Structures are given as C-alpha cells and as structure tokens.
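Written below as structure tokens is the structure these notes are about.
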C-alpha cells in the first residue's frame, strides 16, 4: 500500500504541476538527483517546455511549447505522442479552420490518450471579442490526416460564456466538460463569474455527432467551427453548477462538485460511489485506478495532504502530509 501510494503521489506531483485546470494551479518541486531513474527507464528530449502530459498503453502524449527535437523543425507549440517501446514521436497539427477554410493561431492545453487517438483542447486566437474553443481528436494510425473537431464553443472575452475543458483520460477512456460561466445576469443562486451549468462528456462512445449538439453560444457574426459528425460522443451528466471531470481510470470517471465532493460514475453516467466533501480542505488533483482513489488536497495553512480512498466505498484509508510541496 505504501509503495503504491508513493508511486501515485509522484504521478500527481509530476503530472499535475504542468498545467492549470478549474481545480486551480498546482506547482510541485521534488528534491534529489535527476539521474536517479529506475533501471530500464526510457527518456525523450523536448525543445521547449512540456506543459501537459497523458499516458496510456506505453505511450506518452505531450503538449510542448517549443516543439520536439525528433523529426526536425516544429511549430511553436505542438501536440505529440511518444511511443517509448518503438522510440518514435508522432506530431499533430491543428484543425482550427473556420467554415471558410481560414486558419488561425491557437493555444493548446489539456491532452488525453485513447486506444487509437489523442485529444486536446484548443483556444483560437482571433484577437477580437470572442475566443472560440475546440476539443480536437487525431488518430494515432493516421498522423498525416487533419484532426477532427469534436466540440466547439464561442465565448466572449472577460471570462464568461460557454467553455470546454477538464480533458482527462485513463485506460483508453476520454472525458471532458462543457460549462457555462454566467455574467451579470445569473440564475439564482449563482453569482457573476460562477459556473451555472455543466455537461460532462465521453469521447468515442454513444452516438455519432452528439458533441455537435453542444450549445456553442455563437451569435450572429461569430466565427464558426463545425464539429465532425462522425465522432461518437455520450453525455455522462448534465448538472446545475459545477460538475468537473477530474480523473479517469478503470472504466470510471471522477466528477468533482462545487461542494468539494467527488462522484465516481461509470461510462453510462451511473453513480458508483461518492466521496463526501471536506469543508476544511480544497481538492487540487485526483488520480484514479482500480484499487485506489487518491486526492491531493490543500489543508488549512497551505499544507498539502495526499488522501487514499477506497474506490468502491469512498472511505478514507490513509493520508500523508507531503513536504517540500506548494499548492496555490
């Protein structure tokens, strides 16, 4: 148990420190020599900063700001999948072209690996009063083909409107959120800049084109991107307020609510178990597998605590105070 808990702690600290989701930013630093790698470990080099990672079936997906060394020149930001066993890297371009075929600069974050595909979230830079967001999907066996647009929203500047994000994967299952941040006219009991509604989605399951039904929030004159109707999607849950995908593993999806509780649901959206909220702690990261549900939480006073829960009952089995760690 202790060894497994430590291993999952390393996954949380290394993997989550690369990005910021709706749980908030997490930063972690580990002491010790970087040369202390396990026997047989493989490495790859990146020309730039690896911002987001996801692993599945011996492969590692990355969003790299600066581009990978292998394969020659790369754009300022690339989505790539490294197959450690084969020693190969496959890089993917963007699908951010509107209905007229015009291409845009874009910023990518969140990345997820499925059985035969890689997905990521992309925000298109229009330098105008809207910020289109896309969930894109590329086939690993078709690296030269154009990625598919899974979902599209068009949100105004200022942090309100319809958004896409919280992309997570595990055991070839990919999930993400479509959520609405209200402006000054918020439905009760929500306040301005709070999430007033959310839909949680699976990619690769359900009906073809289901994600195309997501309300884009695009008004007259907005730049439009058309989701691919052949992509299969299934809605896990629709909820008032926040329902955030925070982890995927062993055929289940962990959804965090605004009250700090975490629901585990199956791929049909049926609730398996709930981990009750702890009003004194704030969840910063989650890791889920067949035997454990681990939560990295910020305790009162700024300390970081790793909690190991039973994934079948939600019961707390063990907690560890982490040192040399800062969460903000």
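The values are calculated or read from the model by the stated rules, or taken from the named source; none is laboratory data. Note that the coordinates shown come from a computational prediction; the quantities given were computed from them, not determined experimentally. Positions of Cβ are generated from backbone atoms using ideal geometry, with glycine treated the same way; all protein chains shown enter the neighbour counts.
For segment 281-289, the criterion of being in contact with a strand residue (DSSP E or B) (Cβ under 8 Å, 6 or more places away or on another chain), farther than 22 Å from residue 111 by Cα and not in a loop (DSSP other than H, G, I, E, B) is met by at least one residue.
One residue alone among 316, 322, 288 is modelled with pLDDT of 90 or more and either more than 22 Å from the chain's Cα centre (by Cα) or exposed (fewer than 14 other Cβ atoms within 10 Å of the Cβ) (or both), and that residue is 316.
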